[in-house]
Structure formats: structure tokens, C-alpha cells
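Take a look at the structure set out below.
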Amino acid sequence: YLTEILRKELGFTGLAVSDWADIENLYKREMVAANRREAVKMAVMAGVDMSMVPMDFSFYDTLLKLVKDGEVPMTRIDEAVARILRVKFQLDLFKHPFPPKTSLKEIGSDPSWQVSLNAARESIVLLKNMNDLLPIKKGQKVLVCGPTADLHQSLNGGWTYTWQGNREELFPKNQKTILQAIQKRAGKENVLYSKGTSFTEVVKSNDVYHKAHKADVIVACMGEGAYCETPGNIKDLNLSDAQLQFIRDLRLTRKPIVLVLTEGRPRIISKIEKQVKAVVLANYPGPMGSQALTEILFGDVNPSGRLPFTYPRYANDLVPYDHKKSAETEPVTFDPQYQFGAGLSYTQFEYSRLQLDKNILHPNETLTVSVQVKNTGKRAGKRAVLLFLSDRVRSVTPPVKQLKGFDKIELKPGESKTVSFMLAPQDLTFIGRNNQRTRETGQFDIRVGDLSASFEYKE
């Protein structure tokens with residue numbers, strides 16, 4: 001992998017560094033080496049140029065002995081050192097080993113906070129909104145509950161301030177949780193709060209249910225705490241039993257529930273999805289995520305995010321959007337909770353006039369695809385327009401569809417815009433039977449929204 005494929009086939013000229021202690025793991029965990037000496041020799045001769053060894057110099061000491069004993073040639077050491085030095089020269093690290101001190105002023109600056117806020121606004125996805133429950137109406141009393149409602153870590157995820165990102169006391173005091181952001185927006189007099197459940201255990205108290213009866217709408221904040229790498233591994237993608245049961249119990253209050261998911265992966269909600277009126281996927285929206293989420297919940301910002309993956313309905317049915325047609329054949333059907341590209345708005349968009357500038361595409365040509373998008377609703381909104389391509393027949397089974405272009409536009413009520421995409425022969429390529437990128441002549445279908453058109457590729 002590191003030599004034949006990475007360097008010779010792919011032409012990589014940089015340096016190869018191990019992951020944390022993974023050379024040690026060759027004999028401690030993977031059991032392909034008998035000891036450290038054998039592991040270091042194996043890794044270096046395979047093409048590892050630098051070892052990420054924590055807290056000690058064991059790799060250096062062992063490698064030095066291997067060279068002195070003639071088991072690792074000096075030519076290999078020279079090769080690895082040259083690769084490391086080349087990258088350092090390319091980065092100008094010998095003249096400028098540290099960033100300029102003036103860069104410190106950019107950390108935590110108003111512009112950087114604004115970038116974070118805008119990123120959260122654009123990425124949060126409204127997946128369900130029955131009877132236009134959202135946005136929350138002015139003056140409505142809101143119950144905020146759930147294990148992620150008053151946690152900073154569930155906004156930021158792992159690798160924030162600490163490795164696992166779960167040290168609540170280290171997050172900035174001016175960074176608001178979801179609860180705090182909603183209280184600021186709606187006024188504390190209109191916001192009730194009760195945690196109700198932890199991630200793993202329902203709190204044995206009737207407090208949340210008493211408060212639910214006083215509320216007009218319930219914002220149930222579910223999902224995960226922060227995690228990363230191996231400590232974050234789980235054996236079941238389903239949302240935890242405690243959280244599922246909590247939603248079932250909340251439903252008995254007959255108050256409309258907005259399910260807010262802050263999570264780093266799609267925790268399966270099919271057992272309770274029908275019991276909630278609205279679903280908002282916040283992901284890990286970052287330090288300004290609570291403000292962005294609150295703006296969307298109350299309609300200050302019109303949601304425009306679209307799902308960048310297929311959200312599964314079942315734990316054993318993880319089928320991507322670009323699956324083969326066999327995944328849609330009975331009795332095995334493609335049945336996700338939400339499709340790739342799903343995402344609602346507080347307005348409506350209509351597609352029309354899908355046009356191609358040519359019906360036949362030849363090598364060295366481009367195909368222009370245009371579609372008209374109209375805001376048919378009553379408020380301004382953004383829409384990510386997605387273009388999908390399908391190959392009808394080819395020598396290797398084609399996916400049902402593949403995303404080949406997208407563009408996000410903003411439209412006022414009643415406004416229309418024409419969105420154009422350029423497709424080149426390169427967009428028709430795939431990995432053939434010989435493991436090389438290739439393309440073949442034939443018929444192709446284009447889909448944008450509920451519209452479709454076809455063209456032929458000829459050589």
C-alpha cells in the first residue's frame with residue numbers, strides 16, 4: 001500500500017507518518033510482529049517515514065540499533081529524512097517555524113465567530129415538519145428537555161479543548177447551550193426546562209411531564225455526547241433505549257414534539273419518528289450552533305441544509321444513496337429514514353424547464369444543463385439544487401444515481417432563477433474491470449428535483 005500503490009501508482013511524494021502508537025500496535029495489538037524491534041523494521045521497510053510515538057523515544061532508539069546492525073539500510077533512512085525535509089522546506093518551516101504572532105488576534109475574533117455561525121446556519125437540516133409546527137410561534141410556551149439540551153459538548157464533539165471533547169468546564173462561558181440560546185431568544189418566562197433523561201437512564205421524576213402540560217410545544221434535545229476515535233465506538237446505531245422511551249412517554253402528554261438531534265453519526269430513530277411532529281438534524285453544529293439552531297426553530301433563519309448522507313431506518317440496512325439497482329429489488333428494498341439530499345424549508349421551491357444544450361456529447365466537449373427554480377412560497381429562502389447522473393448500461397454495474405453538481409441559490413417569494421451546470425466527459429468515468437478509470441459510450445439520464453432528461457455519449 002505505502003510503496004507500490006501510494007508512491008508508484010498514485011505518485012505521492014510526501015511523507016508517510018503512522019497513527020498514534022500504531023507501530024507499537026504491530027506487536028501489541030495486531031500480532032504480526034513478535035516484538036518492538038521486528039515491528040519497527042517491518043514498518044520502516046514497508047514505507048513509514050515517521051512514527052507518531054507518544055511520550056518516548058523508543059522508535060528512534062530501536063531504529064538506530066537496526067541501522068547499526070545492518071538490518072535497515074542507510075539508504076532507507078536517507079530516503080525517509082529527505083521526504084520529511086522536503087515537506088518542511090515546502091512549508092518554509094526553517095525560516096518561519098511558527099505562525100506570526102499577529103495570527104493570535106484572529107482566534108476568537110468577531111469574523112471567526114461569524115464564520116462559525118454561518119456554517120451552522122447553512123448545515124442544520126430540517127427533516128420533518130408536520131402541519132408547519134415550525135417555526136415556533138411568538139408567545140408560545142416552550143419546554144426544553146433531553147440530555148443534550150444543556151451540554152456544550154453535544155454542540156462541539158470530540159477534539160474540542162480535550163481529546164474526547166467532554167470536559168464541560170473547559171468550554172467558554174460565553175458559549176451558550178441550546179437551552180440558554182432558547183431562553184435568550186424567547187425569554188426565560190416562556191421557557192420551561194427539565195432534563196427528563198440522561199443518555200442511558202430516564203430520570204425518575206414527574207417534573208418533566210408536569211411542565212409538558214404547561215407548554216405549547218416540546219423541544220426534545222436528543223443524540224450523543226462528545227466522542228472521537230476508539231472510545232466513541234458503539235455496537236448499536238439505535239438511539240439509546242432511555243431516549244427512545246423518554247420520547248414515547250412525552251408523547252402521552254399529547255403536546256407536539258420537535259426532535260432535535262445533536263450527534264456525530266445517524267442514530268436510528270425509526271421507533272419514535274412517527275411520534276414527533278418535527279425533526280431537526282443539527283449534527284455537531286459547533287460553538288455557535290445553539291444560536292443557529294434557535295434562529296431556525298423560531299424562524300429568524302429559514303433552514304436550507306440538505307442531508308449529505310443517507311439516514312438509515314434500520315441498524316442492519318446501511319445502504320448509501322449511490323447504491324446498485326439490486327438494492328431496490330424485492331424483497332430487499334431501499335428504505336432509508338431520510339434520503340440523501342433531504343432537507344425542508346419554510347418556503348416551497350418549484351423546478352421547471354430542465355434543458356440540455358445538446359443531445360449528443362463527444363470527447364473534448366462539455367454539456368450545459370440548465371433548470372429554472374422558483375420560490376413559490378411566502379418567504380425568502382435558500383435552496384441547494386442537486387444534479388444527479390445515471391448511466392443506463394455499462395460493463396460494471398452502475399449506481400442508480402450519482403451526484404455530479406450542486407449550487408445553492410437564494411430566492412425571494414415569487415422569484416425565479418436559472419441554475420446551470422457543466423458536465424464534461426470526465427464526469428462520465430468510472431473504475432473499470434481492469435481497475436483503471438474509463439468511460440463508455442451510451443445513454444445517460446440527468447435528474448434535477450422531479451425532472452429528468454437524457455443524452456448520449458459518443459466517441
Subset of segment 163-186, residues open to solvent by less than 70 Å² (accessible area, probe 1.4 Å), more than 18 Å from Ala220 (Cα to Cα) and not hydrophobic (A, V, I, L, M, F, W, C), comes to Gln164, Gly165, Glu168, Pro172, Gln175
Tell me, please, whether a residue that is touching a residue at least 12 places away in the same chain (Cβ under 8 Å), within 18 Å of Ala215 (Cβ to Cβ) and part of a loop (DSSP other than H, G, I, E, B) can be found in segment 149-157.
yes
Considering residues that are part of a loop (DSSP other than H, G, I, E, B), closer than 20 Å to Leu403 by Cα and open to solvent by 30 Å² or more (accessible area, probe 1.4 Å), the number found within segment 323-356 is 5
Looking only at segment 202-216, how many residues end up being assigned to a loop (DSSP other than H, G, I, E, B), over 34 Å from the mean Cα position of the chain (by Cα) and either among the aliphatic types (A, V, I, L, M) or more than 18 Å from Arg248 (Cβ to Cβ) (or both)?
0
Of all residues in segment 106-150, count the ones that are among the β-branched types (Val, Ile, Thr), under 15 Å from Val279 (Cα atoms) and open to solvent by 60 Å² or more (accessible area, probe 1.4 Å).
0
Considering segment 229-258, residues that are in contact (Cβ under 8 Å) with a residue 60 or more places away in the chain and open to solvent by 10 Å² or more (accessible area, probe 1.4 Å), and then whichever is nearest to Thr160 (Cα to Cα), we arrive at Glu229
For segment 49-88, enumerate the residues that are modelled with pLDDT under 95, open to solvent by 90 Å² or more (accessible area, probe 1.4 Å) and within 27 Å of Thr3 (Cβ to Cβ).
Phe57, Tyr60
Filtering segment 306-319 down to residues that are without any contact (Cβ under 8 Å) to a residue 40 or more places away in the chain, open to solvent by less than 70 Å² (accessible area, probe 1.4 Å) and within 25 Å of Arg383 (Cβ to Cβ) yields Thr310
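Listed here are the residues, each with its yes/no results for (1) aliphatic (A, V, I, L, M); (2) touching a residue at least 24 places away in the same chain (Cβ under 8 Å).
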residue	(1), (2)
Pro398	no, yes
Gly405	no, yes
Glu410	no, yes
Gly414	no, yes
Val419	yes, yes
Ala424	yes, yes
Asp427	no, yes
Asn434	no, no
Phe444	no, yes
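The values are calculated or read from the model by the stated rules, or taken from the named source; none is laboratory data. Just so you know, these numbers come straight off a predicted model, no measurement behind them. Because the Cβ atoms are built from the backbone with ideal geometry, glycine has one as well, and the counts that use them run over all protein chains shown. Remember, those area values only see protein heavy atoms, side chains included, never the ligands or the DNA or RNA. Shrake-Rupley method; radii C 1.70, N 1.55, O 1.52, S 1.80 Å.
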